[in-house]
Each structure stands twice: as structure tokens, then as C-alpha cells.
Amino acid sequence: MKSTVRCYLGILLAVILGWLWLHKSSLADFVASERVAEFVGVMSLYLCSHIVRIFRLTLLTLDERDKVFPLMAAHTLTAFPSSFLPFKIGEVLRLTAFFQVYGGRRKAFAVWLAERFGDVLVIAAFILGLYVFNISIPPAMRIVFILFVLASVFGLLAIFAVAKVSVYLNRHLVLASHSARGLWLLRTSHSLRLLEQDIHRSLEGRLSGFLLLSLLVWALEILALALFINEFSIGEPNFATLFVSGLLSSLPGGGVGNTEAFGIYQSLALVALTLIFLGAVCFSVRFKLQRS
């Protein structure tokens, strides 16, 4: 195992232990509460959503089956720290882990883009459904909806443009341009074309399954949130407000009965998932060492 990976795993374990120590009073309240079954239900639904995310990543890398377990480990071992980093900075950590898995940035970026694009489509469809059924939507969710729709449209147009135009652009640059700028454009166009091909290979013959898993991921997360609100929340914020709060990563966690406590249930589920895969990674490394 590389020294950087060992260092990261050590830091991750320290972060988990620190988080458990800081929230020991809240965790004790959960255990002592008469509603343990409801707590476990919320955590289980959220945990299942991440298990489905793992299946979705597996689907995206079937063309490189030897990367399945490393990619699963990359997701599970970055999910917990990514969950509390502000402004989605955790996605940078996650993408860096994907780079380590593939050893090349293009395939890792293609898988990450495909996964994010699936999330954007499902969330945009969900928010559109709130509009259709005249459910009160907070202003922040309107902004999220506009941004997601723009990302979806421009993403589709960009992929289409690269696929259709790059061949002719490359031919023109090869035949007509001899400047440094033309060479740079040729390299950039070729890289974008290769990225488009990697995205296509990741989704080829699997698009319907990918969209179904993306829908299931968010259905489970929404069910977890709905169960939490139904069992523990009274009054404001309502479902839409809490949902957009989760999208914007503004759930710091709180005590039992507090609507912000949903963040603690998320974190507990991710801690369990992380510890399971920490054990799996350590066992895998030891097994390989024994065989060698």
C-alpha cells in the first residue's frame, strides 16, 4: 500500500474517532431514546442510498472490471469527510481518489462526470415535480433548479458538439494550421474527444440501468428525509426547505428532536460504511501480501 494511502487512512480513522468523541452525548441520547427503531430506519435508508451509489459506480466501470473494488473503496473512504466539507469541496477529494484508482485523469473524470450528470438529472426532475404539484419551494431551491437545468442542457450540448465537431476541427487544424495556437487547439480538441469516448464507453449499453440506479439513489435519500421529518420534526422547516439544505451541505447536525439532527444520522451511516470498507481494504492488502 502506498505511503500516501496509508497516511490518508490513518487520518480518516482519526477523524472518525474525533467525530464520535465530539458527538458522544448525542449518540448516548440516541441509544437511550425510546425511538431507536426510527433512528435505525432513517440511517438504514440513507446507508442503502450509498450502497446503490456503489452499484452505480460498478456499472460505470464494467469496461475496466479490475477497477471495481478500488473504485468502491474510493467512494466509501471519501464519503464521510466529503459530507461535512463546505461548498461541495469534498467532491475534489472524491475526484482525487478516482484519479488514484485509474492512474489516469481522463477515465476518472469521465466516470465522475457521468455520475454527477445522473444526479443533476434526477434532482432537476424532482424539483420540477415540486413545481408541477404546487408544493411551496424556498428561493434557494429555485436557484438550485436553475443551475441544475443549465448544467444539464449545457452538458448535453457540449457532449454533442464535441462528438460532432471535433473530427472536422481536427482535420482542419492538421491541414491548415501550423501555429503554436493551432497545435494547442488540436491537443485540446483531441483530449475532449477522448473524454467523450470514455463517457460513452462508461454508459454504452447501460444508460437505462444507470438512470434507474440514479433514480433509486435519490428515492432512498428522499425516503430517509421524509421518514425523519415524519418521525422527529414538527413545524418548520418543511420537507422542501430541509431537502435544499441537504443539497447545499448546510446540515451541521444537532440533538434529538432537532431538525438539523438529520446530519448526524447521515454521518453515522457513513461512519458505519467507512469502517466496513476500512476493514475490507486492510483484509485485501493482507491477503495480497500473504499470496506474494
- Message: Can you pull out every residue in the range 81-103 that is small (Gly, Ala, Ser), open to solvent by 40 Å² or more (accessible area, probe 1.4 Å) and touching a residue at least 12 places away in the same chain (Cβ under 8 Å)?
- Response: 83
- Task: Check whether at least one residue in the range 248-261 is under 18 Å from the mean Cα position of the chain (by Cα), open to solvent by less than 30 Å² (accessible area, probe 1.4 Å) and either under 22 Å from residue 223 (Cβ atoms) or at pLDDT below 85 (or both), and report yes or no.
- Result: no
- Message: With the requirement that a residue be open to solvent by less than 50 Å² (accessible area, probe 1.4 Å), in contact with a Phe, Trp or Tyr (Cβ under 8 Å, 6 or more places away or on another chain), of a type outside the set (S, T, N, Q) and farther than 17 Å from residue 77 by Cβ, what does the range 1-37 give you?
- Response: 30
- Within the range 44-80, track down each residue that is open to solvent by less than 10 Å² (accessible area, probe 1.4 Å), without any contact (Cβ under 8 Å) to a residue 40 or more places away in the chain and among the basic types (Lys, Arg). none
- Task: Residue by residue through the range 193-239, note down the ones that are at pLDDT 80 or above, of a type outside the set (A, V, I, L, M) and open to solvent by 50 Å² or more (accessible area, probe 1.4 Å).
- Result: 197, 200, 201, 204, 205, 208
- When residue 137 is evaluated against the numbered criteria (1) at pLDDT 75 or above; (2) outside any helix (DSSP H, G or I), which criterion, by number, is the only one it fails? (1)
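Right, residue 120: open to solvent by 10 Å² or more (accessible area, probe 1.4 Å), in contact with a Phe, Trp or Tyr (Cβ under 6 Å, 6 or more places away or on another chain) and modelled with pLDDT under 90 or not? Break it down stepwise before answering.
Details: open to solvent by 10 Å² or more (accessible area, probe 1.4 Å): yes; in contact with a Phe, Trp or Tyr (Cβ under 6 Å, 6 or more places away or on another chain): yes; modelled with pLDDT under 90: yes.
So residue 120 passes the test.
The values are calculated or read from the model by the stated rules, or taken from the named source; none is laboratory data. Worth saying up front: this structure is predicted, and the values here are computed from it rather than measured. For neighbour counting, all protein chains shown are included, and Cβ atoms are generated from backbone atoms with ideal geometry for every residue, glycine included. Calculation scope for accessible area: heavy atoms of the full protein, side chains included, ligands and nucleic acids excluded. Shrake-Rupley method; radii C 1.70, N 1.55, O 1.52, S 1.80 Å.
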